[in-house]
1. Applying the selection to the stretch 215-233, what residues are without any contact (Cβ under 8 Å) to a residue 60 or more places away in the chain, farther than 15 Å from Arg257 by Cα and surrounded by 20 or more Cβ atoms within 10 Å (Cβ to Cβ)?
2. Does any residue of the stretch 80-87 turn out to be at pLDDT below 90, assigned by TED's automatic domain parsing to the domain that holds Ala181 and among the polar types (S, T, N, Q)?
3. Every residue in the stretch 241-259 that is surrounded by 10 or more Cβ atoms within 10 Å (Cβ to Cβ) and not in a helix (DSSP H, G or I), please.
4. What do you reckon, is Ser263 under 22 Å from Pro9 (Cα atoms), at pLDDT below 90 and not assigned by TED's automatic domain parsing to the domain that holds Gly38?
5. Restricting attention to the stretch 53-79, which residues are hydroxyl-bearing (Ser, Thr, Tyr), under 21 Å from Leu133 (Cβ atoms) and modelled with pLDDT of 90 or more?
6. Write out, first by first residue and then by second, each pair whose Cβ atoms fall under 7 Å of each other, whose residues are 6+ apart or on separate chains, and whose first residue, in the stretch 123-140, is among the basic types (Lys, Arg) while the second is outside any strand (DSSP E or B).
7. Six or more apart or on different chains, Cβ atoms under 6 Å: show the pairs whose first residue is in the stretch 17-36 and touching a residue at least 24 places away in the same chain (Cβ under 8 Å) and assigned by TED's automatic domain parsing to the domain that holds Phe158 and whose second is part of a helix (DSSP H, G or I) and of a type outside the set (A, V, I, L, M, F, W, C).
8. Inside the stretch 18-77, can you point out the residues that are of a type in the set (Lys, Arg) and part of a helix (DSSP H, G or I)?
Amino acid sequence: MESGQRHFPRPAIAAQHIATFRRGLISSRVMFARRQMGKTTYLLQDLAPAAQEAGYRVAYVDVSQSPDPGHALAEAIRGAVKRSRMAWLTNRLPVPAAWRHDGKIALTDALLMANRQSCPILLLVDEAQTLSLPAHENLAYALRALLDVRRNEVKALFAGTADKAQPRRFGLAGDPFFQWAYAEQFPVLGPEFVEFVVSSFKRSGSHPLPLESALHAFTHLHARPGAFGHFVACYMARNDGDVEAALTITIRHEAARATPYRSGA
């Protein structure tokens, strides 16, 4: 996520995703990228608001943050249903007892609720590579089957991390679960993003960040908005204009956290 600076909007990508779902030919997409490339920020601050304006009820869930992704998915969908025109009825419905014991049952029931809605639901599944773990294999295939049956009522975008440390994971790397959905690589941000950050710096009254220096840092950090956000925060905290010092600290910070893939990183 781009931290440390104002949000850089990406409306064109959001419009493309929504247009694809509206055509009806594709109901599920897989979007992958390396860590800290801004996927979560895009989902929450670009795609979700645009989808709501387009008439979708948005259900967002980070499946890496739950010990039971099935329950997490079900609760996200139930939450989206509660915000629909049938909220007056759904809010009065108790959570079925079976939900507490079986995530697949919870997910099935939640999708049945979605089927009764007048508005389609857009399910945004963050850190979706979690579903490719052996422990979640049965859930993953159940989800695939359920989404295929409910393709007219529920659209889904799976966003996940594909690092060199986990080459076997994620759609194009050969995971069978994700090969059924249209796969795409999340677009990498370029100089326009850096220019946006530098411009925000000027308006904030902070110590000036030269564009050339910012581009230098962005390149050294492999065009990762998350790492660049840490650099910006470090540069602001130092308040001495020492770009190289801030960059060195950021590189060390990134190296320290560059362990083999951890779900939710």
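The values are calculated or read from the model by the stated rules, or taken from the named source; none is laboratory data. Fair warning: this is a prediction, and the values are worked out from it, not measured in the lab. Neighbour counts are summed over all protein chains in view; Cβ atoms, including those assigned to glycine, are modelled from backbone coordinates with ideal geometry.
1. Hits for the stretch 215-233 are Ala217, Phe218.
2. Among the residues of the stretch 80-87, at least one is at pLDDT below 90, assigned by TED's automatic domain parsing to the domain that holds Ala181 and among the polar types (S, T, N, Q), which makes the answer yes.
3. Across the stretch 241-259, the qualifying residues are Gly241, Asp242, Ala258.
4. no
5. If the condition is that a residue be hydroxyl-bearing (Ser, Thr, Tyr), under 21 Å from Leu133 (Cβ atoms) and modelled with pLDDT of 90 or more, then Tyr60, Ser64 are the ones that fit.
6. Pairs found: none.
7. Final answer for the pair search is Ile26/Thr20; Val30/Gly171; Ala33/Lys39; Gln36/Gly226.
8. Arg22, Arg23, Lys39
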